[in-house]
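**Student:** The structure is given below, and queries will be raised subsequently.
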Amino acid sequence: MFTFDIAERFRVALLALSVTMFALVWPAPSHGADLHLVFGNDFMASNRLADDLYTGVLELEAVKGAYRFSLGENVFTDRQNELRFDETYFTVERGLPAVGNGRPQIEVGVVHVGEGLLGQSAQNTLHKWIGSDEVDLPYVDSSRFHPTLRLRFHRPLPVLRQLSFTALGEVYSAIDFKSHVSGGLHIHWPAFSFAAFNFGVGARYTTTDFAPLGPHVNGLAPTWEAGVVLSEKISVAWKYNEFGTEAQHFTLGYDLSWGKRNSKAQRSLN
């Protein structure tokens with residue numbers, strides 16, 4: 001007879017969710033589908049705390065029709081206070097009726113804060129690959145699930161000499177964990193047939209009810225990002241204050257699409 005502790009059950013459930021996401025898009029290519037994989041890290045960034053705090057990100061998105069499903073994990077380490085936790089989340093997003101020229105979206109989901117699906121073992125595997133020091137930190141004692149709600153709003157602005165401008169806004173809350181409000185301006189420039197550039201500036205206000213995160217969330221701070229999309233498949237971005245800790249991160253994304261390509265809603269600055 002097999003027995004599973006809570007952590008093992010959690011990992012099995014998340015694995016089942018990831019398989020379900022693939023199943024949602026794979027059987028019906030004639031209707032079009034998208035898979036989007038994002039990897040983020042701070043190992044090349046010049047942050048106040050090197051390779052610490054929100055240090056790694058992995059996310060898988062599946063877009064099917066009007067719905068976007070996301071499964072991901074954010075890795076958080078705090079070497080000074082000798083602790084770590086993972087934020088492992090699953091969300092579902094879809095568009096709402098247009099408001100004038102504005103396009104709102106709503107997202108609901110759940111985030112687990114504690115020991116995650118990949119966590120320290122995956123982080124140390126990466127550190128071995130890049131020749132960085134391995135990390136051995138205890139996980140926080142608490143292990144909790146928090147329901148999440150996110151409202152996004154973007155409004156296209158007039159195009160100026162191939163530059164597409166979009167005003168963005170976002171409200172997010174993970175109950176009893178953390179919340180933020182952000183807004184900004186996004187610029188898209190299709191400079192070449194094989195490459196388009198993205199730029200963004202804005203601001204973010206972040207609060208938290210989670211004590212281990214409290215010392216590192218600094219209220220209101222600016223946000224910015226710069227990136228390039230190659231052949232509509234590969235995206236590289238450099239972001240600041242994506243998680244409310246006033247740190248820089250690099251992200252690498254890859255799109256796998258088939259059939260009639262889904263139109264993707266513009267994402268706001270985090």
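Computed from the coordinates by the stated procedures, all read-outs in this text should not be read as laboratory data. None of the values given here were measured: they were computed from a predicted structure.
**Student:** Amide H of G116 versus every other amide H placed in the peptide plane: which residues, excluding those fewer than 5 positions away on the same chain, fall under 5 Å?
**Tutor:** D86
**Student:** Then there is this: What is the Cα centroid distance between the range 138-210 and the range 216-244, reported in whole angstrom?
**Tutor:** Rounded to whole Å, the Cα centres lie 9 Å apart.
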